[in-house]
Amino acid sequence: MFKNLNELDISGNQLTLEIPDLMQLQFLKKLNLSNNQITVLYQLPQNLEILNLSYNKLKGLSPEVTSNLKNLTTLDVSYSGLEALDGVEAMSRLKRLLSKNNQIQELEPLKGLQSLVEIDLENNPVDNYVKLLEMLKNKSDILVVNLKLSPVFLTVQSYEQLCHELETSMMMEGRPNNTETSER
């Protein structure tokens with residue numbers, strides 16, 4: 001039943017365990033599992049493009065599961081207690097990563113994701129300025145980076161300083177400067 005379903009919202013249902021029938025939904029593109037009690041990511045249909053796991057109790061993303069999510073373009077894991085982004089590196093088409101209010105410090109898994117245009121890490125303990133710049137330097141299409149309330153953002157004295165650091169990093173790589181500075 002409903003095998004041709006392409007969007008499913010089962011948010012706010014106190015779900016904790018895997019739903020085996022989800023794997024039968026081969027045409028499913030958008031899945032909302034937010035506001036549940038999921039602690040471990042389980043196998044999901046591989047054609048998913050948008051996945052919302054916000055407001056769950058995840059500690060990490062299973063690389064065994066994420067490696068099957070090659071079509072994913074948007075992942076929202078905000079407010080989920082996530083401690084690491086290990087596994088996202090397999091999501092080669094990922095454009096939007098929303099991970100507000102978690103415990104993310106390491107950005108290494110994001111390095112190889114060339115399709116990223118938006119990274120939202122607001123209120124995560126990202127504190128290594130150098131690693132942040134290393135992660136961003138090969139992302140020519142990036143449009144949004146939100147690091148509000150993170151230690152690395154709080155160490156920057158102004159928005160202009162951050163732009164200057166990014167420009168300097170890009171020039172050292174021999175890339176054209178297209179960073180605009182403006183008042184926030």
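See the values below:
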quantity	calculated
Region 85-116, residues that are of a type in the set (A, V, I, L, M) and either closer than 13 Å to THR66 by Cα or out of contact with any Pro (no Cβ under 8 Å at 6 or more places or on another chain) (or both)	LEU85, VAL88, ALA90, MET91, LEU94, LEU97, LEU98, LEU107, LEU110, LEU113, LEU116
Matching residues in region 103-142 - criterion: being of a type in the set (Asp, Glu), closer than 22 Å to GLY81 by Cα and out of contact with any helix residue (DSSP H, G or I) (no Cβ under 7 Å at 6 or more places or on another chain)	GLU106, GLU108, GLU118, ASP120, GLU122
Of all residues making up region 35-47, the number that are crowded, with 18+ Cβ neighbours inside 10 Å and of a type in the set (Phe, Trp, Tyr)	0
Among residues of region 47-64, those that are at pLDDT below 95 and more than 15 Å from the chain's Cα centre (by Cα), counted	1
Tally of residues being over 20 Å from GLU49 (Cβ atoms) and in contact with a Phe, Trp or Tyr (Cβ under 8 Å, 6 or more places away or on another chain) across region 79-105	4
Residue among ASN47, ASN56, ASN4 that is under 25 Å from GLU83 (Cβ atoms) and in a loop (DSSP other than H, G, I, E, B)	ASN56
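Results for (1) under 17 Å from PRO109 (Cα atoms); (2) surrounded by 14 or more Cβ atoms within 10 Å (Cβ to Cβ); (3) in contact (Cβ under 8 Å) with a residue 60 or more places away in the chain, shown as yes or no for each residue.
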position	(1), (2), (3)
ASN4	no, no, no
ASP9	no, no, no
THR16	no, no, no
GLN26	no, no, no
LEU33	no, yes, no
GLU49	no, yes, no
ASN56	no, yes, no
SER67	yes, no, no
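The values are calculated or read from the model by the stated rules, or taken from the named source; none is laboratory data. Since this is a predicted model, take the numbers as computed values, not measurements. Counting neighbours? That spans all protein chains shown, and the Cβs are built from the backbone with ideal geometry, glycine included.
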